[in-house]
Amino acid sequence: MTTPVPGSQPDIAPPRLWVCEHCDTVYHRRELACGEVARCVRCDAILARYHSMGVRGMLALVITAMIAFTQANIWPIVTLGLNGQLISTTLWGCIVMMWKDHSQVVSVIAACTLFFFPIGKMLLLGWVLLFARTGRRAPGFRLAMVTLYHIGPWTMSEVFVLGALVAIVKAHMYFDVIPNVGVFAYGVLMMIITAFASIDVRRLWDLTEERPA
């Protein structure tokens, strides 16, 4: 457990301090041991976790996620069979069908949370990590980090995978259902996102510094 710093709550934490983003309590920062988690004594929020993965490991994870994301959007998700007829579609095929079926609000939400926000997050992470390998901050680093913070909760690929699995089980009562490569690629992407969720990208503020061009 860390010790609060009395009477000090700056807007931006210096490198030797932690600031709880829930209650703004300030703590002296220290190195964490393997498996250790620092929590706020006031609201019990997580301040930081121990991470063994470095910048290069995070970049490799992002590249792997982008490959899985590309495969998930290229290949069909599922094939439905009824009376000898087979119908298969990709994620974008489902979004287009919802749009044509007068469900524009649902199609826009699906497009944002399943495509635009995830790919935006991966591209921004890849951008800042590419420069962070050498300890530098990428151009537009501050804007990229703020954007990552705001779009993080809206990347819902794991919710889509769980919903797709439930839909496949239920649809099997009425159709011949054949899971395709796309849904398996989304399953891999879900596991990568879950692994990345435990990594605090805010560490990049401390691991990088502004350098003249």
Note to self: Pairs needed: first member in segment 192-204, farther than 20 Å from G135 by Cα; second member anywhere, open to solvent by 40 Å² or more (accessible area, probe 1.4 Å) and hydroxyl-bearing (S, T, Y); C-beta distance under 9 Å; at least 6 residues apart or different chains.
What the structure shows: I192/T64
Margin query: Can you pull out every residue in segment 36-62 that is open to solvent by 70 Å² or more (accessible area, probe 1.4 Å), in contact (Cβ under 8 Å) with a residue 60 or more places away in the chain and farther than 20 Å from L124 by Cα?
Written below: R49
Next item on the list: Select from segment 131-166 the residues that are in contact with a strand residue (DSSP E or B) (Cβ under 8 Å, 6 or more places away or on another chain) and open to solvent by less than 60 Å² (accessible area, probe 1.4 Å) and write down the one among them that is modelled with the lowest pLDDT.
Entry: A164
Check: Hey, C94 hits all of (1) part of a helix (DSSP H, G or I); (2) modelled with pLDDT of 85 or more but one; which does it fall short on?
Finding: (2)
Notebook entry, point to check: Which condition number in (1) basic (K, R); (2) touching a helix residue (DSSP H, G or I) at 6+ places or on another chain (Cβ under 8 Å); (3) loosely packed, with under 13 Cβ neighbours inside 10 Å is the one that K121 fails?
Noted result: (3)
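Mind counting the residues in segment 67-91 that are under 30 Å from A197 (Cα atoms) and loosely packed, with under 15 Cβ neighbours inside 10 Å?
Result for segment 67-91: 3.
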Notebook entry, point to check: Right, A65: outside any loop (DSSP other than H, G, I, E, B) and either without any contact (Cβ under 8 Å) to a residue 12 or more places away in the chain or farther than 28 Å from L124 by Cβ (or both) or not?
Noted result: no
Check: Say we look at segment 176-194 and pick out the residues that are among the hydrophobic types (A, V, I, L, M, F, W, C) and farther than 12 Å from A72 by Cβ; which of these is most open to solvent (accessible area, probe 1.4 Å)?
Finding: M191
Margin query: Regarding segment 102-116, can at least one residue be identified that is at pLDDT below 85, polar (S, T, N, Q) and not in a loop (DSSP other than H, G, I, E, B)?
Written below: yes
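The values are calculated or read from the model by the stated rules, or taken from the named source; none is laboratory data. Small disclaimer: the values here were computed from a predicted structure and weren't measured. Cβ coordinates were reconstructed from backbone atoms using ideal geometry, including for glycine residues, and neighbour counts include every protein chain displayed. The accessibility values were calculated without ligands, DNA or RNA, using every heavy atom of the protein model including side chains. Shrake-Rupley method; radii C 1.70, N 1.55, O 1.52, S 1.80 Å.
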